[in-house]
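Heads up: the structure comes next, in C-alpha cells.
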Amino acid sequence: MAQIEADPEARHTVLDARARMMGLDPATSREEMARQAYGEAAGRAIRSFCDPDSAARLWRVYTGLTQANDRYHRMVLGVSMHPKVAKIETEPERFGTRADDQVDLRSEDERHRDAVNAWTRWHGYLMHLSALEQTAIWDVVKGRIEPMTPEGITPRGIRFVEALQKVSEVVDQQGGIA
C-alpha cells in the first residue's frame, strides 16, 4: 500500500491489467475495475458472462455464500479458510485487523448461533441445485479451478456462473440474503 500511495501510477497499472484481462479498454474502465469483485477471478468471471446489473446481484450472492462459509468454519469448526502468514512484530499500541475480520460485539453464543444459522440457510439454498452445479460453485469457492484465463472465461467458469444464477433465483424466491 505504501508503494501505491507513493506512486499512483502503480494503482493504474493494476486496474489496467484487470481491464485487459476482461477484454475492456483500460483507459475507460478504471473506476469499474477498482470494485472489489474484479480483484477475484470469480468476480471477473461473473462480470464477463453477465450484464452489470446481473453481475452485481450474483456478486452479492457469491460474497454472502463465501462469508457464511468462512464464519462457519472459523466459529464452529475453529479453522480459518485463509492461509496463515508470518507474524510481523509491531508496536504494542497499534491495533489492526485482517481484511476478512469484522468487528462483532455479540456474545460468543450469539455469534456461534448466527454462524450455524447462516450456513444452514446457504446449505438449504444450495440443496436446490444438482450435484454438478454445487460442485461448479464449490470448485471456485475452494480455489480448485480458475474460472478465468487470460483468454477469457473457461467452460468451467461458465458452469460456475450458471450455477450461481440458479442459486440467486432460489435466494430471491426464499426471501433474499440475510
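The values are calculated or read from the model by the stated rules, or taken from the named source; none is laboratory data. Note that the coordinates shown come from a computational prediction; the quantities given were computed from them, not determined experimentally. Here the Cβ is made from the backbone with ideal geometry for all residues, glycine too, and neighbour counts use every protein chain on show. Areas reflect the complete protein model, heavy atoms only, side chains present, ligands, DNA and RNA absent. Shrake-Rupley method; radii C 1.70, N 1.55, O 1.52, S 1.80 Å.
Quick notes on this structure:
- When nucleic acids and ligands are ignored and a 1.4 Å probe is applied, His123 ends up with an accessible area of around 90 Å².
- About the centre of its Cα atoms, region 107-153 shows a dipole size close to 100 debye [charges on the beta carbon of Lys, Arg (+1) and Asp, Glu (-1) only; nearest 20 debye].
- Solvent-accessible area of Lys166, all protein chains in place: 90 Å² (probe radius 1.4 Å, heavy atoms, ligands and nucleic acids excluded).
- 5 angstrom amide H check on Met148, placed H, neighbours 5+ away: Thr154
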